[in-house]
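Asker: One structure, pasted below without further comment.
What follows draws every value from the coordinates through simple rules; no lab data is involved. All of these numbers come straight from a predicted model, not from anything done at the bench. All Cβ positions, even for glycine, are placed from backbone atoms using ideal geometry, and neighbour counts span all protein chains on display.
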Number of protein chains: 2
Amino acid sequence: MIQNEQETEISTLGEFGLIDRLTKDIKLVNESSVKGVGDDCAVLRYGEKETLVTTDLLLEGIHFDLTYTPLKHLGYKVAVVNFSDVYAMNGIPRQLTVSLGVSKRFTVEHIDALYSGIRLACEIYGVDLVGGDTSASVTGLIISATCIGEAEKGKVVYRNGAKDTDLICVSGDLGSAYMGLQLLERERSVSKDSQEEFHPAFEGREYLLERQLKPEARRDVVEALAKAGVKPTSMIDVSDGLSSELMHICKQSNTGCRIYEGRIPIDYQTAIMAEEFNMNLVTAALNGGEDYELLFTVPLTDHEKVAAMEGVKIIGRITKPELGMYMETRDGAELQLRAQGWQAFEQEED
Amino acid sequence: MIQNEQETEISTLGEFGLIDRLTKDIKLVNESSVKGVGDDCAVLRYGEKETLVTTDLLLEGIHFDLTYTPLKHLGYKVAVVNFSDVYAMNGIPRQLTVSLGVSKRFTVEHIDALYSGIRLACEIYGVDLVGGDTSASVTGLIISATCIGEAEKGKVVYRNGAKDTDLICVSGDLGSAYMGLQLLERERSVSKDSQEEFHPAFEGREYLLERQLKPEARRDVVEALAKAGVKPTSMIDVSDGLSSELMHICKQSNTGCRIYEGRIPIDYQTAIMAEEFNMNLVTAALNGGEDYELLFTVPLTDHEKVAAMEGVKIIGRITKPELGMYMETRDGAELQLRAQGWQAFEQEED
């Protein structure tokens, strides 16, 4: 992290000074946001709506690497990832709280950059930043975010409503964020070896990088579903990978599923990179994660409606539980789906 | 941290296994908790109430030291500290989310212990644990908690409502949690020098240790205020120290204040320890922090009502802003109050 002369040590501001600086010109836009930062709690007012709450903890060295992640992008992503969880319930994100643990390595300008990303995401998605907590850290950057959202009564979509014969749909494309990460990791090792500053050339790969560094939440899909009069029977966002998310839906709905390799949406840049890296493209799409696309199921009767939706693909169907969870490959073979999950506990402590 | 043969490596469970284990027998008790853990979001349903949200991030090495903090106590404290913030708004805590970052040093039994404290606090205070996030960490334990609460419309008490001539009241006693911390820190250094395990003798000091390790939130005070028909004009919980909290109220209410040294409630164990440590007792009470008592202001007309409340002391009054913020000492001198705030950014990164 480059420190230049214009930068200010956080200690010169102190906690309250830093909070004042970060929050002084925040404007609340939602009627339900009665009180934002500046008190013990944020105060929200909901009428007859359902209130949604989601929270995420992001740790430097585990969830992000600041060598190749600009702080503004990181802030944007932290917010969007939480919004995505609210959309995945068929809700609308309304308020966000962000807590930071910040080590001495970071200056006020760094935190400004992080916050500018958070606030940009809030602005774009119409969410109010209503509170948080800022603290010193002995070991790098720690970000905890909580999002509150709302949904009309009876409109919330859970993971447990999928039924036999339902269609399985997914938005956008899968595996591109993972490929973006592979690309960044490779460039970083090259950069490390050369002892030079990190200025890799990424021409023609912008889409992959954007998917990794600046993902978007699929508000448009939730809005399109509402417009088409479709209420999914189950829904989840793809954060750990398609395979893992499908297992959540099937386990909680007590069903099986069958998806088709040939129907999994994959961007051509993802395919090119997979070849370049000599990686299995389907593995990247199934287990890559961080796509923040929406995976959902709808009754067969909604087939025409979802087939007509832009950016949504039908990739398979829900089956009886005893049929298990399978993917049919392009050559007609059956592949049992496995949860990749998260194995980060394997890594070493410093 | 002692590891014995019965303990299980977290990696043997994996993320979903750990979450299942931690959450499998949670029962929701509040009607407003529609959906707890197990989906992208918790779902809450509020009628015509105001919804309160508060969040805290606690980091090992900054906010707690596991040498002398039992994990169960730590879990209890994390929860209670958040409840305290909701009470400080004159609200009732209803739901809690907890996110953990856990390094390889911790076993499943450690996390069980932490959660048992969180769940005990939730049980005692009638709060539902409705979600969270669990992740690996490269550097010790990280805990982020968010509490959602409710308040009747119009009953929320902010920091900015104090008026000239209002009475300043505080519950319980101050400085004892800080003295408990001093005691623990001293015993730890003794223990470090002796190279033996940490088994200090704390006879007669139990109150101080309990205040530091297992604080309670003042639900009883909020209930007593409601019963007496008193709505404070401003309120805050004492987490950073009386002086700092008074400055928040005065700054946001645009007032001054005058408190009286002789009226600040101090427990005799705190006084004895201050003498033993050769520390200024009033400094401990003013700036010690972590008391989690309620500091609030009421109109003069409520004098009789608050004077009759058990465990509440009137320590001074609100003044015009131009009169500044002062404490009158026992010998009649005037001492200007200063914010201590949080200077932890000064410390070194590893």
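Asker: Suppose a student asked you for the relative contact order of region B:229-350, using Cα pairs under 8 Å spaced at least 6 residues apart; what percent would you report?
Answerer: 42 percent
Asker: Using only the alpha-carbon atoms, how far is helix A:268-277 inclined from the longest principal axis of chain A? Give it as 0 to 90 degrees, nearest 10.
Answerer: 80 degrees
Asker: Related question: Which whole-angstrom value gives the distance between the alpha carbon centres of region A:107-149 and region B:101-164?
Answerer: Distance between centres, Cα-based: 19 Å.
Asker: Over chain A, what is the relative contact order in percent, taking alpha-carbon pairs closer than 8 angstrom and at least six residues apart?
Answerer: The value is 21 percent.
Asker: Once Rh is set to the Kirkwood radius over Cα pairs, what Stokes-Einstein translational diffusion coefficient, in µm²/s, holds for region B:1-159 at a temperature of 10 °C and a viscosity of 1.306 mPa s?
Answerer: The calculation lands on 98 µm²/s.
Asker: Another question about this same structure. Would you mind counting up the charge near B:F64? Only other residues with Cβ under 13 Å from its Cβ, with Lys and Arg at +1 and Asp and Glu at -1.
Answerer: Cβ neighbours under 13 Å give a net charge of -1.
Asker: Within 10 Å, count the other beta carbons around each residue, average over each peptide in B:108-117, B:260-269, and list them highest first.
Answerer: Result, highest mean Cβ count within 10 Å first: B:108-117, B:260-269.
Asker: So which aspartates and glutamates can B:K104 reach, going by Cα to Cα under 12 Å and dropping same-chain residues fewer than 8 places off?
Answerer: Within reach: A:E346, A:E348, A:E349, A:D350, B:E9.
Asker: In the structure displayed, which of B:K227/B:K313; A:K72/B:K77; A:K231/A:K320; A:K231/A:K313; A:K35/B:K313; A:K24/A:K72 lie more than 25 Å apart, Cα to Cα?
Answerer: A:K72/B:K77; A:K35/B:K313
Asker: Kirkwood Rh and Cα-based Rg: tell me the resulting Rg over Rh for region A:105-186, rounded to two decimals.
Answerer: 1.07
Asker: Taking a temperature of 37 °C and a viscosity of 0.692 mPa s, what whole-number D in µm²/s does Stokes-Einstein yield for region B:96-235 with Rh from Kirkwood over alpha carbon pairs?
Answerer: Diffusion coefficient, whole number: 174 µm²/s.
Asker: If N is the number of residues in the protein assembly as shown, what value comes out of its Cα radius of gyration divided by 2.2 N^0.38 Å?
Answerer: Rg over 2.2 N^0.38 Å, computed on Cα atoms: 1.00.
Asker: Give me, ordered by chain and number, the residues 5 or more places off B:A136 or on other chains with an amide H under 5 Å from its own placed amide H.
Answerer: Sorted by chain and number, the residues that satisfy this are B:V102.
Asker: Report, in degrees rounded to the nearest 10, the 0 to 90 angle that the Cα long axis of helix B:71-87 makes with the longest principal axis of chain B.
Answerer: Helix B:71-87 and the main axis of chain B meet at about 40 degrees.
Asker: Moving on. Plugging the Kirkwood radius over Cα pairs into Stokes-Einstein for region B:184-288, at a temperature of 25 °C and a viscosity of 0.890 mPa s, what D comes out in µm²/s?
Answerer: Translational D for this selection: 147 µm²/s.
Asker: Computed FRET efficiency, Cβ-Cβ of A:L28 and B:A271, R0 56 Å: what is it to the nearest 0.05?
Answerer: 0.75
Asker: With a Cα-only, solvent-free Debye model of region B:92-142, what are the log10 I(q)/I(0) values at q = 0.19 Å⁻¹?
Answerer: -0.66
Asker: With the convex hull built on the Cα atoms of chain A, state its orientation-averaged projected area in nm².
Answerer: 19.5 nm²
Asker: Please determine, in degrees from 0 to 90 and to the nearest 10, the orientation of helix A:176-194 with respect to the longest principal axis defined by the Cα atoms of chain A, where the helix direction is its Cα long axis.
Answerer: 50 degrees
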